[in-house]
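Coordinate-derived values only; no laboratory data. Just so it is clear, the structure is predicted and the values come from calculations on it, not from any experiment. Every residue, glycine as well, gets a Cβ built from its backbone with ideal geometry; the counts of neighbours run over all protein chains shown.
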Amino acid sequence: MADPRRLPATDREPSLDEQIAQAERAVIARDLRIRRRADALVRHAKREAIKHAGGGLLLGVGTIALTWWLNHLNRKNAPPPAPPAPETAHGTFEHLFRDAGVILAGLLPMLWPMVPRSWRRGVTPGTAGTVLTFLAPILGKLFRRRPREGRAA
């Protein structure tokens, strides 16, 4: 709506029809501004979604490739299966990494302000939690202990 201080000083008051016409013009101008801003937001959201979709796809393909590679290495280097001894049932670090990843993902909202600003700009807390939850067991497989062959049972 027009500011009364900016209107030119006139000696007569506008008629009711003129006031209605001014109000309609103000409403139409406001609607146009809202449409322009909404269109700009839609364009921005589409552009950002397309920009980040490639990174998400690349992360997914990389995770699948890394998982396949780790499983391939484990099958190639694996000794013949032996019954697990009771004292070595938890001889791997895998469960520790998995638990640590889940705990860190749960604590991420409290730890997020301590993350460097450059990382916070490019990654959302939800994405960071998902990556932690998926990568922790994979890192645990990398640090898996190999059973000693000369060990007496």
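Calculate the spin-label point distance for A29 paired with V102, positioning each point 7 Å from the Cα along the beta-carbon direction, and give it in nanometres.
The modelled label-to-label distance comes out at 6.0 nm.
Per-residue HN-Hα couplings for the stretch 124-132, Karplus 6.51 cos²θ - 1.76 cosθ + 1.60 at θ = phi - 60°, whole Hz, x for Gly and Pro?
Those phi angles translate into 8, x, x, 5, 4, x, 5, 5, 4 Hz.
Can you tell me the mean projection area, over all orientations, of the convex hull of the stretch 33-76's alpha carbons? Units nm², please.
2.8
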